[in-house]
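Asker: Below is a structure I'd like to ask you about.
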2 protein chains.
Amino acid sequence: MPKTILITGARGRIGSALVSHLDTLDERYDLRLADLDAVDKREIELDITNLAACRDAFKDVDTVIHLAGVPSPEAPFEAILPVNIGGTYNVFRAASDAGVSRVVFASSAQAIEGYPLDVQVRTDMPVRPKNLYGVSKACGEAFAAYFAYQEGVEAVAVRIGAFEQASDWQRMSERDLSAWVDPQDLCELFVRCIEADLREEPFAIVHGISDNRFKRLDLSDSRARLGYEPKADSFSVWRVGLYNASEPA
Amino acid sequence: MPKTILITGARGRIGSALVSHLDTLDERYDLRLADLDAVDKREIELDITNLAACRDAFKDVDTVIHLAGVPSPEAPFEAILPVNIGGTYNVFRAASDAGVSRVVFASSAQAIEGYPLDVQVRTDMPVRPKNLYGVSKACGEAFAAYFAYQEGVEAVAVRIGAFEQASDWQRMSERDLSAWVDPQDLCELFVRCIEADLREEPFAIVHGISDNRFKRLDLSDSRARLGYEPKADSFSVWRVGLYNASEPA
């Protein structure tokens, strides 16, 4: 039987890309797409600030991929608290109560972005958020560790880097280049988060960036624990883009 | 001029001990004692879930010692969220807005208590909370890192161990013994948190336990960054207690 996967925030930027990717995989998964409003048949309405609604939605689900949240690093804390912290608690609480086996949590590179810019951050270092959004993601990682080790819900927290199409290389800053994640690489990383064997160790923090020549976030754990094999490299994308841009028209 | 120190949760278990200790120091500090209700002259009413009230209370304060919070590791998350997370945000936000130089935050050993019991935890390891109270303390540490590095409010997060009088040694479990903090040691640690020079590095996580023969939490950073010199050792307290208890009456 195919695994039942519920995605929160399925209509968001990353959610849409992930759903398109999973749809190419020959119906390997039974997908439930949750977001604040439902448009097509596969979608269900879910407000993660409603714990009872999360419990209902998670019945008979194997894995929850939790992408829903206030996505802006600049959002005021009053907006972040109920959704990114309260809502993430609800997602884990409901997953535990409903017998969900695994939660894959969309954390963010913002959880560690306060380190000096020339430091390569490893997953075994303490968090150092750059902003209050990053604080909320650090808090989500703490929920994940709690529910994995204390309540038996396997959990992977993916610190997602700068999610941009390669064609948008001109929008990327130096920091973004070193933290870039190609959408295709990230989608494949999420599949590995669903499939990885976590029986020995029920929790992982992994970094979600591409195979960039210079890396803000170390990929050792993503490779070792999940078998992640990123393909893209922002620096070659950038170099080729610059070269083409400098050619006479 | 003496430093102005505001203590939140001043009437709590640790707050009361700390105030008594600071009162022995020849009026070295100008104290403002904040709690939900004010009883004597030095006390002010402050509900940390009220951001505007925090801003008012923090005017002309040099250092805030933030002890207020739901103290029970077993508290339901609905009780913890607004006070330990929302309230701690308010304390840091108001401190930053009011120009407070430093916040000393009462974190807890519960933030790392999910590690296997024979692991000695260092401050450079990721959090692993044992309960939702511990998650809220981990979140408080993330606030502290954010406000220290990004908004210039110096911050020390003290992971407080098992705070018990030595005379209550019979109440202590094996875990408590290795995480015990004698009230006198903890009070002296708080003074060092007020006095330490943090100009080179504006943030520290330090462990607040005594000089126990076996330590659940490593004290290297407490000693190196603050000059902490704990005096008590739970294991000798325990041994002496057992010895006396086994003597004929």
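The values are calculated or read from the model by the stated rules, or taken from the named source; none is laboratory data. Computed from a predicted model, the values in this text were never measured in an experiment. Because the Cβ atoms are built from the backbone with ideal geometry, glycine has one as well, and the counts that use them run over all protein chains shown.
Asker: Just give me the residues in the stretch B:182-236 being part of a loop (DSSP other than H, G, I, E, B) and of a type in the set (Val, Ile, Thr), in sequence order. Let's see the steps before the verdict.
Answerer: Residues of the stretch B:182-236 part of a loop (DSSP other than H, G, I, E, B): B:182, B:196-202, B:209-216, B:218-219, B:227-233.
Listed by number, the list holds a single entry, B:Ile209.
Asker: Sticking with this one: Of the conditions (1) out of contact with any Gly (no Cβ under 9 Å at 6 or more places or on another chain); (2) outside any helix (DSSP H, G or I); (3) within 12 Å of chain A (Cβ to nearest Cβ), B:Val104 fails just one. Which one is it?
Answerer: Among (1) out of contact with any Gly (no Cβ under 9 Å at 6 or more places or on another chain); (2) outside any helix (DSSP H, G or I); (3) within 12 Å of chain A (Cβ to nearest Cβ), B:Val104 violates only (3).
Asker: While we're on this one: Scan A:Asp118, A:Asp97 and give me the residue that is charged (D, E, K, R), within 14 Å of chain B (Cβ to nearest Cβ) and over 19 Å from A:Phe163 (Cβ atoms). Lay out the reasoning, then the answer.
Answerer: Values: A:Asp118 fails: within 14 Å of chain B (Cβ to nearest Cβ).
Checking each option against the conditions leaves just A:Asp97.
Asker: Mind checking which pairs have a first residue in the stretch B:141-153 that is within 8 Å of chain A (Cβ to nearest Cβ) and a second that is assigned to a helix (DSSP H, G or I) and of a type in the set (Val, Ile, Thr), Cβ under 7 Å, 6 or more apart or different chains?
Answerer: B:Ala142/A:Val135; B:Phe143/A:Val135; B:Phe143/B:Thr88; B:Tyr146/A:Val135
Asker: Let me spell it out: the conditions are (1) surrounded by fewer than 22 Cβ atoms within 10 Å (Cβ to Cβ); (2) at the interface with chain B (Cβ under 10 Å from one of its Cβ atoms); (3) small (Gly, Ala, Ser), and A:Ala79 meets all of them except one. Which number is the exception?
Answerer: Answer for A:Ala79: the failing condition is (2).
Asker: Oh, and also: Could you say whether any residue in the stretch B:97-104 is under 30 Å from A:Arg93 (Cα atoms) and crowded, with 16+ Cβ neighbours inside 10 Å? First the steps, then the outcome.
Answerer: Quick first cut of the stretch B:97-104, residues under 30 Å from A:Arg93 (Cα atoms) only: none.
Looking for residues that are under 30 Å from A:Arg93 (Cα atoms) and crowded, with 16+ Cβ neighbours inside 10 Å, one finds none in the stretch B:97-104, hence no.
Asker: Since B:Ala38 meets every condition but one in (1) aliphatic (A, V, I, L, M); (2) in contact with a helix residue (DSSP H, G or I) (Cβ under 9 Å, 6 or more places away or on another chain); (3) without any contact (Cβ under 8 Å) to a residue 60 or more places away in the chain, which condition does it not meet?
Answerer: For B:Ala38, the failing item is (2).
Asker: Something else about it: Out of A:Trp180, A:Trp169, report the one residue that is more than 14 Å from chain B (Cβ to nearest Cβ), in contact with a Ser or Thr (Cβ under 8 Å, 6 or more places away or on another chain) and surrounded by 24 or more Cβ atoms within 10 Å (Cβ to Cβ).
Answerer: Working: A:Trp169 fails: surrounded by 24 or more Cβ atoms within 10 Å (Cβ to Cβ).
It is A:Trp180.
Asker: Before we move on, is B:Ala111 in contact (Cβ under 8 Å) with a residue 24 or more places away in the chain and either surrounded by fewer than 21 Cβ atoms within 10 Å (Cβ to Cβ) or facing chain A (nearest Cβ under 9 Å) (or both)?
Answerer: On the way: in contact (Cβ under 8 Å) with a residue 24 or more places away in the chain: yes; either surrounded by fewer than 21 Cβ atoms within 10 Å (Cβ to Cβ) or facing chain A (nearest Cβ under 9 Å) (or both): yes.
Considered against the rule, which asks whether it is in contact (Cβ under 8 Å) with a residue 24 or more places away in the chain and either surrounded by fewer than 21 Cβ atoms within 10 Å (Cβ to Cβ) or facing chain A (nearest Cβ under 9 Å) (or both), B:Ala111 comes out as yes.
Asker: Looking only at residues that are acidic (Asp, Glu) and crowded, with 16+ Cβ neighbours inside 10 Å in the stretch A:6-45, which one is farthest from A:Ala106 (Cα to Cα)? Let's see the steps before the verdict.
Answerer: To start, the set of residues in the stretch A:6-45 that are acidic (Asp, Glu) comprises A:23, A:26-27, A:30, A:35, A:37, A:40, A:43, A:45.
Imposing the further condition that a residue be crowded, with 16+ Cβ neighbours inside 10 Å reduces the set to A:35, A:43.
On the way: A:Asp35: 15, A:Glu43: 20 Å.
Once the filter is applied, the top-ranked residue is A:Glu43.
Asker: Among the numbered conditions (1) within 27 Å of A:Glu74 (Cβ to Cβ); (2) more than 12 Å from every other protein chain (Cβ to nearest Cβ); (3) touching a His at 6+ places or on another chain (Cβ under 8 Å), tell me where B:Thr88 comes up short.
Answerer: For B:Thr88, the exception is condition (2).
Asker: Within the stretch B:129-139, is even one residue in contact (Cβ under 8 Å) with a residue 40 or more places away in the chain, touching a Ser or Thr at 6+ places or on another chain (Cβ under 8 Å) and within 8 Å of chain A (Cβ to nearest Cβ)?
Answerer: Taking every residue of the stretch B:129-139 in turn, at least one turns out to be in contact (Cβ under 8 Å) with a residue 40 or more places away in the chain, touching a Ser or Thr at 6+ places or on another chain (Cβ under 8 Å) and within 8 Å of chain A (Cβ to nearest Cβ).
Asker: Now for a separate question. Need the failing condition index for B:Thr63 against (1) of a type in the set (S, T, N, Q); (2) without any contact (Cβ under 8 Å) to a residue 24 or more places away in the chain; (3) closer than 21 Å to B:Pro183 by Cβ, just the number.
Answerer: Of (1) of a type in the set (S, T, N, Q); (2) without any contact (Cβ under 8 Å) to a residue 24 or more places away in the chain; (3) closer than 21 Å to B:Pro183 by Cβ, only one is false for B:Thr63: (2).
Asker: Would you mind stating whether B:Ala148 is in a helix (DSSP H, G or I), on the phi < 0 side of the Ramachandran plot, in contact with a Lys or Arg (Cβ under 8 Å, 6 or more places away or on another chain) and buried (at least 24 other Cβ atoms within 10 Å of the Cβ)? Working first, answer last.
Answerer: Values: in a helix (DSSP H, G or I): yes; on the phi < 0 side of the Ramachandran plot: yes; in contact with a Lys or Arg (Cβ under 8 Å, 6 or more places away or on another chain): no; buried (at least 24 other Cβ atoms within 10 Å of the Cβ): yes.
Against the criterion (in a helix (DSSP H, G or I), on the phi < 0 side of the Ramachandran plot, in contact with a Lys or Arg (Cβ under 8 Å, 6 or more places away or on another chain) and buried (at least 24 other Cβ atoms within 10 Å of the Cβ)), B:Ala148 does not qualify.
Asker: Can you pull out the residues in the stretch B:186-236 that are among the small types (Gly, Ala, Ser) and touching a Lys or Arg at 6+ places or on another chain (Cβ under 9 Å)?
Answerer: Initially, the stretch B:186-236 is screened for residues among the small types (Gly, Ala, Ser), giving B:196, B:204, B:208, B:210, B:220, B:222, B:224, B:227, B:232, B:234, B:236.
Hits for the stretch B:186-236 are B:Ala196, B:Ala204, B:Gly208, B:Ser210, B:Ser220, B:Ser222, B:Gly227, B:Ser234, B:Ser236.
Asker: Could I ask something else about it? Just to be sure I understand the filter: pairs with C-beta atoms under 7 Å, separated by 6 or more residues or on different chains, first member in the stretch B:183-195 and of a type outside the set (D, E, K, R), second member in a helix (DSSP H, G or I) and surrounded by fewer than 18 Cβ atoms within 10 Å (Cβ to Cβ). Which pairs pass?
Answerer: Every condition considered, the pairs that remain are B:Pro183/B:Ala17; B:Cys187/B:Ala17; B:Cys187/B:His21.
Asker: Give just the number: which of (1) out of contact with any Asp or Glu (no Cβ under 6 Å at 6 or more places or on another chain); (2) surrounded by 14 or more Cβ atoms within 10 Å (Cβ to Cβ); (3) more than 24 Å from A:Ile80 (Cα to Cα) does B:Val119 not satisfy?
Answerer: Result: B:Val119 passes all but (2).
Asker: Confirm whether A:Phe163 is within 14 Å of chain B (Cβ to nearest Cβ) and either surrounded by fewer than 24 Cβ atoms within 10 Å (Cβ to Cβ) or touching a strand residue (DSSP E or B) at 6+ places or on another chain (Cβ under 9 Å) (or both). Please lay out each step first, then the result.
Answerer: On the way: within 14 Å of chain B (Cβ to nearest Cβ): no; either surrounded by fewer than 24 Cβ atoms within 10 Å (Cβ to Cβ) or touching a strand residue (DSSP E or B) at 6+ places or on another chain (Cβ under 9 Å) (or both): yes.
No.
Asker: Can you give me the number of residues within the stretch B:202-249 that are surrounded by 16 or more Cβ atoms within 10 Å (Cβ to Cβ), under 30 Å from A:Tyr115 (Cα atoms) and out of contact with any Asp or Glu (no Cβ under 9 Å at 6 or more places or on another chain)?
Answerer: Total satisfying the criteria: 4.
Residue-by-condition table, conditions (1) over 17 Å from the mean Cα position of the chain (by Cα); (2) modelled with pLDDT of 95 or more:
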site	(1), (2)
B:Glu164	no, no
B:Met172	yes, no
B:Asp197	yes, yes
B:Phe203	no, yes
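Asker: Can you tell me which of (1) within 14 Å of chain B (Cβ to nearest Cβ); (2) out of contact with any Lys or Arg (no Cβ under 7 Å at 6 or more places or on another chain); (3) not in a loop (DSSP other than H, G, I, E, B) is the one A:Pro126 doesn't meet?
Answerer: Exception for A:Pro126: condition (3).
Asker: When the stretch B:21-35 is examined, which residues are found to be in contact (Cβ under 8 Å) with a residue 12 or more places away in the chain and farther than 21 Å from B:Asp60 by Cβ? It would help to see each step written out before you state the result.
Answerer: First, the residues of the stretch B:21-35 that are in contact (Cβ under 8 Å) with a residue 12 or more places away in the chain: B:21-22, B:25, B:27-35.
B:His21 - this is the single residue of the stretch B:21-35 that is in contact (Cβ under 8 Å) with a residue 12 or more places away in the chain and farther than 21 Å from B:Asp60 by Cβ.
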